[in-house]
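First the structure, in the form of structure tokens, and then the observations on it.
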Amino acid sequence: MIRLDKVSKRYPNGHYGLVDVSLTIRRGEFLFLVGPSGAGKSSLIRLLYREEAASQGEVFVDQFKLSSLRRSQVARLRRQLGVVFQDVKLLPQRTVYQNVAFAMEAVGASTRDIRKRVPQVLELVGLSRSRDNYPHQLSGGEQQRVGIARALVNNPIYVIADEPTGNLDPETARDIVKLFVEINRRGATVIMATHAKDIVNQMQRRVVAIERGRVVRDEVRGAYGYES
Amino acid sequence: MAMNLNGVSYIVRETMRNLIRNSWMSLASVSTVAISMFVLSFFLVLTINLNHVTAVLQSQVEMKIFINRHVPRSQELALLRQARHWPDVRRIDFFTKQQAAASLKQEFPDQRDLVALISKSNPLFDGYDVYTYRPQAIPQLAERFHKESIVHTVVYEGQVVSRLDKLSNILRWVGWIVEGLLGLATLFIIVNTIRLAVFARRREVQVMKLVGATDWFIRWPFVLEGMVLGILGSLVADVVVDGGYRWLTGAAAVALPFWPLAPLHSVMSEVLMFTLIGGVLVGVLASMVALRRFLRI
């Protein structure tokens, strides 16, 4: 379970990323985080994987209390999470296979496990045939799938995606979201920040709307809610 | 820290890759370490030799104790037996004033007046020749003899030794200071080499951090790289010092046959130890410094 308890994030320049946010996300949920650019979606996501720390309040991810986490525990926290970034963060000089395998190497997995697990994940995201391609040989959607495969490869409990469809055309974006739904169906909790109004409206999942750092809406079967 | 075999092979692979990718910077680092370690060795060789000379001189230094006149022989011998067990006393020999006169005559056969004087009425004293283990102990030991009621005077030639001692102390300090400065310069250059390697791989480091690699797992290849640079540099210096010292002992044997140079193996064992420890330390420290900023994600 992820729980935010009256969390505020204030940046050194005085700007508030989040104001007094309380939120509970249970295991197995699929949650859209919506809101205009700069509303605080990314701030919230960065707090979850502890790239940033809350200024006030407390964030809990399972047994981890994020305000009092030592550096070695940050690594352990992140092994529970699979993070997908808008800019994907692929390593350009490594192939699709190597990019995904790298995430397993980094946590000290054995070569045998890597050889077994990576093809499974590539299969899941539909990239089995591109395994030896380099990122620049792939389309934006395919690159994002590599990012997702890398996030999944260590079997995370939570999959957190920060605008994974931000740079994709609507058709590709829909496929990516379908992939997340499939991931969720297989048991992972999915938290996805997005701008993709149509998709959110269509999916009928829990929607948490953030505006100017505050949660303004939290609906179990929600819509994006911005008609303008 | 527990590290399985996969981790080890990963680390070795990454280290080799870094070293080869930045081969020019690696070469520069090795050279800098070598120069720094050579200077360290230079001071080491100097102090080792100075200590060696001091030790050689020490073994020749003796203290003379003269005993008051008209002290019975039994008392003289009693102190002799006692003093044998004092710490710092390596050897103690008793001599009578007749023996002293005889050796004087032997040493200065041409000094007729002197010989005539000591033959007529011997003005010399009975006494002891004392040898010590450490020149530093001489003043204390002299003091101790002086407190004995039967002792008339204590004479020792401690100045040369204590001057040598002072000199080697000064040399040690100068060595530390010079080496400290050079060490900083070396550190700086290795830090930059490794920072280049880290910078080339900053995306990897970032991704590793984000997927939950521990700091040490990320650090190891770079630490190992620093160690390899440090050890290679030290070995270069050691080879040069070894060759140089062999040449020096050869040349000195001809030019200064009586000058007691410290033997090669004792010099090299110290030089090897200090340079390798120094090289490893500098390398490890440099890689830790270079990585600090990149691990803060």
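The values are calculated or read from the model by the stated rules, or taken from the named source; none is laboratory data. Computed from a predicted structure; not experimentally measured. A quick note on method: Cβ atoms are made from the backbone with ideal geometry, for glycine too, and the neighbour counts reach across all protein chains shown.
Please state which of the following conditions B:L124 fails to meet, knowing it meets all the rest: (1) part of a helix (DSSP H, G or I); (2) of a type in the set (A, V, I, L, M, F, W, C); (3) over 42 Å from the mean Cα position of the chain (by Cα).
(1)
Take segment A:184-198 and flag every residue that is buried (at least 18 other Cβ atoms within 10 Å of the Cβ) and not in a loop (DSSP other than H, G, I, E, B).
A:N184, A:T189, A:V190, A:I191, A:M192, A:A193
For B:L171, indicate whether it is under 29 Å from B:M63 (Cβ atoms) and more than 14 Å from chain A (Cβ to nearest Cβ).
Values: under 29 Å from B:M63 (Cβ atoms): yes; more than 14 Å from chain A (Cβ to nearest Cβ): yes.
Criteria met by B:L171.
What are the residues in segment A:42-76 that are touching a helix residue (DSSP H, G or I) at 6+ places or on another chain (Cβ under 8 Å), crowded, with 17+ Cβ neighbours inside 10 Å and among the hydroxyl-bearing types (S, T, Y), if any?
Answer for segment A:42-76, where residues must be touching a helix residue (DSSP H, G or I) at 6+ places or on another chain (Cβ under 8 Å), crowded, with 17+ Cβ neighbours inside 10 Å and among the hydroxyl-bearing types (S, T, Y): just A:Y49.
Residues that are at pLDDT below 95 and more than 13 Å from chain B (Cβ to nearest Cβ): which helices (runs of 4 or more DSSP H) entirely in segment A:42-126 hold 1 or more of them?
On the way: elements: A:71-80, A:96-106, A:111-125.
The helices (runs of 4 or more DSSP H) meeting that bar are A:111-125.
Can you name the residue in segment B:220-260 that is charged (D, E, K, R) and modelled with pLDDT of 90 or more and is also farthest from A:L152 (Cα to Cα) among such residues?
B:R246
Does segment B:181-202 contain any residue that is in a helix (DSSP H, G or I), in contact (Cβ under 8 Å) with a residue 24 or more places away in the chain, over 30 Å from B:I92 (Cα atoms) and within 14 Å of chain A (Cβ to nearest Cβ)?
Yes, segment B:181-202 contains at least one residue that is in a helix (DSSP H, G or I), in contact (Cβ under 8 Å) with a residue 24 or more places away in the chain, over 30 Å from B:I92 (Cα atoms) and within 14 Å of chain A (Cβ to nearest Cβ).
Looking at segment B:63-89, which of the residues that are of a type in the set (K, R) and modelled with pLDDT of 85 or more is nearest to B:S121 (Cα to Cα)?
The selected residue is B:R69.
Are any of the residues in segment B:222-243 within 14 Å of chain A (Cβ to nearest Cβ), touching a helix residue (DSSP H, G or I) at 6+ places or on another chain (Cβ under 7 Å), within 30 Å of A:Q98 (Cβ to Cβ) and surrounded by 20 or more Cβ atoms within 10 Å (Cβ to Cβ)? Reasoning before the result, please.
To start, the set of residues in segment B:222-243 that are within 14 Å of chain A (Cβ to nearest Cβ) comprises none.
Scanning segment B:222-243 turns up no residue that is within 14 Å of chain A (Cβ to nearest Cβ), touching a helix residue (DSSP H, G or I) at 6+ places or on another chain (Cβ under 7 Å), within 30 Å of A:Q98 (Cβ to Cβ) and surrounded by 20 or more Cβ atoms within 10 Å (Cβ to Cβ).
Which of the residues that make up segment B:252-297 are assigned to a loop (DSSP other than H, G, I, E, B) and exposed (fewer than 11 other Cβ atoms within 10 Å of the Cβ)?
B:L256, B:P257, B:F258, B:R296
Could you identify the single residue in A:G35, A:G14, A:G57, A:G40 that is touching a Ser or Thr at 6+ places or on another chain (Cβ under 7 Å) and more than 15 Å from B:I297 (Cβ to Cβ)?
On the way: A:G35 fails: touching a Ser or Thr at 6+ places or on another chain (Cβ under 7 Å); A:G14 fails: touching a Ser or Thr at 6+ places or on another chain (Cβ under 7 Å); A:G40 fails: touching a Ser or Thr at 6+ places or on another chain (Cβ under 7 Å).
After ruling out the rest, the residue left standing is A:G57.
Any residue that is farther than 19 Å from A:R46 by Cβ and of a type outside the set (A, V, I, L, M) - is there at least one of those in segment A:208-216?
Within segment A:208-216, the subset farther than 19 Å from A:R46 by Cβ is A:216.
Retained after the next criterion (residues that are of a type outside the set (A, V, I, L, M)): none.
No; the residues of segment A:208-216 include none that is farther than 19 Å from A:R46 by Cβ and of a type outside the set (A, V, I, L, M).
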